[in-house]
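First the structure, in the form of structure tokens, and then the observations on it.
Just so you know, all these numbers are worked out from the coordinates, no wet-lab data involved. Since we're looking at a predicted model, the values are computed, not measured. Here Cβ is always computed from backbone atoms with ideal geometry, including for glycine, and neighbour counts include all displayed protein chains.
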Amino acid sequence: MKIAIASGKGGTGKTTIATSLAHLAATDGRTVAYLDCDVEEPNGHLFLKPQILREEPINKLIPVVDADRCTHCGLCSQACRFGAIACVGQQTLIFTELCHSCGGCLLVCPQEAIREVPKPIGLLRIGTSGPLQFVEGVLNVGEAMSPPAIHAVKDAAPDVDLTILDCPPGTSCPVIESVRGCDHLLLVTEPTPFGLNDLKLAVEMARALKLRFGVAVNRANTGDREVWSYCRRQRIDILAEIPDDRAVAEAYSRGEIVVESVPQVAECIRSLLETLQSGAPA
Amino acid sequence: MKELVVISGKGGTGKTSIVASFASLAKEAVIVDCDVDAADLHLVLQPQIQRREDFTAGSKARIMPGHCTACGKCEELCRFDAIYYDGPGNGKVPKTFRIDTIACEGCGVCFDFCDDKAIEFEPAVCGQWFVSQTRCGPMVHARLGVAAENSGKLVTHLRRTAQELAARQKREMILCDGSPGIGCPVIASLTGASLALFVVEPTASGRHDFLRVAQLTMRLGVPGILAVNKADLNEEVTSDLEEFARQNGIAVVGRIPYDPAVTQAQIARKAVVEASSGPAAEAIRDLWTQTQTYLHRSAPAAAGGFVQLAGQQQESTT
Amino acid sequence: MKVAVTAQGADLDSPVDPRFGRAKYFLLVDTDSGEFTAHDNVQNLNALQGAGIQAAQAVVNLGAQAVLTGNVGPKAFTTLQAGQVAIYPHASGTVRQAVEQWRSGNLQPAAKANVEGHWS
């Protein structure tokens, strides 16, 4: 079973909940993997403190032109919708940072003068945190395109009973790439106007992707009650309400797994895990 | 004209609350919400929309079922798993191919290579952008469609629009709410700005993400200043953040204490400095004074979202 | 000699467009005869990305030997250089004035891009 943890807004407690769920499930004897799909800002390792067993480069494929074969016909430049190829005079220039690896230039070249080579855009780190399997992707700073790195993290996932995917914030391409194919999506929010606004966007995304999803309200005893009214109107299940507690914030700030440090939160997370795995909510 | 970008690396650190307060204190600024993925600033500033435009970026493919012969070539060539064999039948074949528009990257390969001319490739509307009036001055913002992409291009467009507006109305300052992360939209938010204000929380992850976005900012040649939000949550990490900043030429300009008035202000749809005179509001006022000093010293925002190059690398092959 | 100037309109009295990749028009001016042709840049204006590169390629293909504009980013610069087009950034005023500035030697050719690339 694959459970993705996401939220429209950043800083709602996604990683706190994802690391806690993964840690609890793994200590219960199931085989569990935690995947950090937030390749721009991966944080799970700060809490899970994994032992990294191997590292591999994450590559994207980029085209290379064989100058001897190239006749400067310009077809590759015309075919590239991403503006990454220029044919000027006797040169064909390729701007690899704009390349989306679609392969169109290779297909269109009548001289078969283009081949693809891998270019590193980040690092895949695979290891264990106690009984928990750990995979994260780290995108190189200055690299703009994260979906290929997220794809690599998901490809490297081990075959286990339960996979927890910690997703990047927002609702655009990196999130879509992360949540695609999950069995259940948990949207983490907080009961504030910002939290609710971003939850609505995340719900729209979940519905567009036809994913089964539920909501976890973090810091549930702060803010206002609008999130509850919204979920009731929209018939969305609230699967967990996690109270705000200075002990949680402090444990988090120190980089501790919250379920280890704060017992009352551990109870919330345990019941959330059971709900998610029972598959009851629609 | 100066452009201040408020940025955080990690989301949810209080960036938008600070931008709203700055907008209220500045009065004369043009405000831009570059956090197009999770735009929240409008909830506090309650803009009256005056101009509304569609935002188009790239194209998306669509299979015309009547023309599809189900040969499967498009599915084979698509690198983005965007083509499925579950479209309606058409008399010639029992089922046709269909394109998942969310997965479609807009590369046009299927369109170019379809032997039966069964694929359309049309410009895609990804969202809308707005020019509005708020109680704190004009605001440029946007709403991306569900699962829409290309937010980097949209961010660049919003900043350009704000620059044109500021030039036309002779406003001296652009105040920009940046987006989280270090990818495309963030690069688009920062390129060519006068100054970046990092709003960071003293947590293990806040620290980690700050280090990465600070690297990015340095690489783009944008000077930075740091404010630690909820600084009293962990004094040790706060000091550590400030030390890192100083070592990297990032001035430390403020500490904001944890204060429930911040959430209360948000619920009342007000900026913290409008709703409260408590400790957080006071700290934000001080932060604004400090920020203005650094902003005056910084370089003007270059026309069209450009920055003069410090040093550069070129990446191209022949 | 043929000189390409980025312009906000289609005639010699239009202001120079400071943007290169997303300029509204390119005016190709024959500096010997004073004749010109206007070429719109709509395709690149709305491009997803890579507008600078594609605009540079278009300028090379128009047969320009020099380009007068406001700012040129690194990718457009590389492309223009490969096409052996001399690059004069910091042009201002109308197209006519920019050509005059260039003719009288008041525009300096760029040895490298004068602006950072950006993602659009």
Once both label points are put 7 Å beyond Cα along the C-beta direction, the A:E260-B:A261 separation in nm becomes 3.8 nm
As a check on your grasp of the helix formula, calculate [θ] at 222 nm for chain A: sum -39500 (n - 2.57) over DSSP H runs of n ≥ 4, divide by the residue count, round to the nearest 500.
-> -9500 deg cm²/dmol
Tell me, in nm to one decimal, what length is gained between B:E243 and B:D116 on full extension, where the rule is 0.36 nm per residue of separation less the Cα-Cα distance?
-> 39.3 nm
By count of other Cβ within 10 Å, fewest leading, how are A:D159, B:D35, A:D183 ordered?
-> A:D159, A:D183, B:D35
Highest GNM mean-square fluctuation among B:G206, B:G89, B:G127, for chain B with Cα springs under 10 Å, belongs to B:G89
Loop GluC sites (Glu not before Pro), segment B:1-108, which have at most 11 other Cβ atoms in a 10 Å radius of their Cβ (DSSP) | none
If R0 is 51 Å, what FRET efficiency do you get for C:S104 and B:M64 from their C-beta distance, rounded to 0.05?
-> 0.30
Listed residues A:V258, A:A6, A:P57: farthest to the positive end of the dipole of chain A (Cβ charges) = A:A6
Rounded to the nearest 20 Debye, what is the dipole magnitude of the protein assembly as shown about its Cα centre when Lys and Arg each give +1 and Asp and Glu each give -1 at the C-beta?
-> 1200 debye
Segment C:2-103: relative contact order as a whole-number percent, Cα under 8 Å and 6+ apart | 31 percent
Sort segment B:1-94 into rounded, prolate or oblate with this rule: let a ≥ b ≥ c be the square roots of the eigenvalues of the Cα gyration tensor; rounded if a/c is under 1.5, and if a/c is not under 1.5, prolate when a/b is larger than b/c, oblate otherwise.
-> prolate
Whole-number percent relative contact order across chain A, with pairs defined as alpha carbons under 8 Å at least 6 apart | 27 percent
Lys/Arg Cβ at +1, Asp/Glu Cβ at -1, dipole of segment B:207-306 taken about the Cα centre: which of B:L233, B:T217, B:T289 is farthest positive-ward?
-> B:T217
In Å and whole numbers, how far do the C-alpha atoms of chain A stretch along each principal axis, longest first?
-> 69, 43, 31
Charge-dipole axis of chain A as Lys and Arg at +1 and Asp and Glu at -1 on Cβ define it, positive-most pick from A:C231, A:G122, A:C105 | A:C231
Which whole number gives the average, over all residues in C:70-77, of C-beta atoms from other chains lying within 10 Å of the residue C-beta?
-> 5
Relative contact order of segment A:67-112: what whole-number percent is it, with Cα pairs under 8 angstrom and at least 6 residues apart?
-> 41 percent
For segment B:282-292, what does the Karplus curve 6.51 cos²θ - 1.76 cosθ + 1.60, with θ = phi - 60°, yield as ³J(HN,Hα) per residue in whole Hz, taken in order and with x for Gly and Pro?
-> 4, 4, 5, 4, 4, 4, 4, 4, 4, 4, 4
What list do you get for C:M1, B:M139, B:M1 if you sort them by fewest beta carbons within 10 Å?
-> C:M1, B:M1, B:M139
Treat chain B as a sphere of radius equal to its Kirkwood radius over Cα pairs and apply Stokes-Einstein at 25 °C in a medium of 0.890 mPa s; give the translational diffusion coefficient in µm²/s, rounded to a whole number.
-> 115 µm²/s
How many nm is it between the label spots at B:T101 and C:N61, if each spot is 7 Å from the Cα in line with the beta carbon?
-> 3.0 nm
Take the alpha carbon gyration tensor of segment A:67-112, find the square roots of its eigenvalues, order them as a ≥ b ≥ c, and report rounded if a/c is under 1.5; if not, report prolate when a/b exceeds b/c, else oblate.
-> oblate
Cα-based radius of gyration of segment B:60-125 once divided by 2.2 N^0.38 Å, which approximates compact folds | 0.99
Give or take rounding to whole Å, what are the principal axis extents of the alpha carbon atoms in segment A:44-95, in descending order?
-> 54, 23, 14
Label 7 Å along Cα→Cβ of A:T128; segment A:52-89 residues with amide nitrogen under 19 Å?
-> A:52-56
Collect residues whose amide H, placed 1.01 Å from N in the peptide plane, falls under 5 Å from the amide H of A:T222; neighbours closer than 5 in sequence don't count.
-> A:D244
Provide the FRET efficiency to the nearest 0.05 for the C:M1-B:E282 pair, computing r from the beta carbons and using R0 = 51 Å.
-> 0.20
Could you run the Karplus curve 6.51 cos²θ - 1.76 cosθ + 1.60 with θ = phi - 60° over segment A:256-269 and give me ³J(HN,Hα) per residue in whole Hz, x for Gly and Pro?
-> 9, 6, 4, 5, 6, 8, 10, x, 5, 6, 4, 4, 4, 5
Average other protein chain Cβ within 10 Å of Cβ, residues B:263-273 = 3
Cβ-placed point charges (K, R +1; D, E -1), dipole of segment B:102-168 about Cα centre in debye, nearest 20 | 780 debye
Could you give the dipole magnitude of segment C:2-103 about its Cα centre, charging the beta-carbon of Lys and Arg +1 and that of Asp and Glu -1, in debye to the nearest 20?
-> 380 debye
Interchain or sequence-distant (5+) residues whose placed amide H lies within less than 5 Å of the amide H of B:K60 are B:E122, B:A124
Rounded to the nearest 500, what is the 222 nm mean residue ellipticity of chain C from helices alone, with -39500 (n - 2.57) per DSSP H run of 4+ residues and division by all residues?
-> -7500 deg cm²/dmol
Enumerate the residues in segment A:243-282 having an amide nitrogen under 13 Å from the point lying 7 Å beyond the Cα of A:D183 toward its Cβ.
-> A:274-281
Estimated 222 nm signal from helices in chain B, with DSSP H stretches of n ≥ 4 weighted -39500 (n - 2.57), rounded to 500 = -10500 deg cm²/dmol
By the Cα gyration tensor axes a ≥ b ≥ c (a/c under 1.5 gives rounded; else a/b larger than b/c gives prolate, otherwise oblate), the shape of the protein assembly as shown is oblate
Residues whose placed amide H lies under 5 Å from that of A:V88, excluding near-sequence neighbours | A:L93
Would you list, by chain and number, the lysines whose Cα falls below 24 Å from the Cα of B:K73, excluding same-chain residues fewer than 8 positions away?
-> A:K60, B:K60, B:K92, B:K95, B:K117
Degrees, to the nearest 10: B:15-26 long Cα axis against longest axis of chain B = 60 degrees
Nearest-0.05 FRET efficiency for A:Q78 and C:T31, computed from C-beta distance (R0 25 Å) | 0.25
Evaluate peptide A:252-261: per residue, the Cβ atoms of other protein chains within 10 Å of its Cβ; return the mean as an integer.
-> 3
When N is the residue count of segment C:2-103, what does its C-alpha Rg come to as a fraction of 2.2 N^0.38 Å?
-> 0.93
Applying the Karplus parametrisation 6.51 cos²θ - 1.76 cosθ + 1.60 with θ = phi - 60° to the phi angles of segment A:171-184, what ³J(HN,Hα) value in whole Hz is obtained for each residue in order, glycine and proline being reported as x?
-> 9, 9, 3, x, 5, 4, 4, 6, 7, 4, x, 7, 7, 8
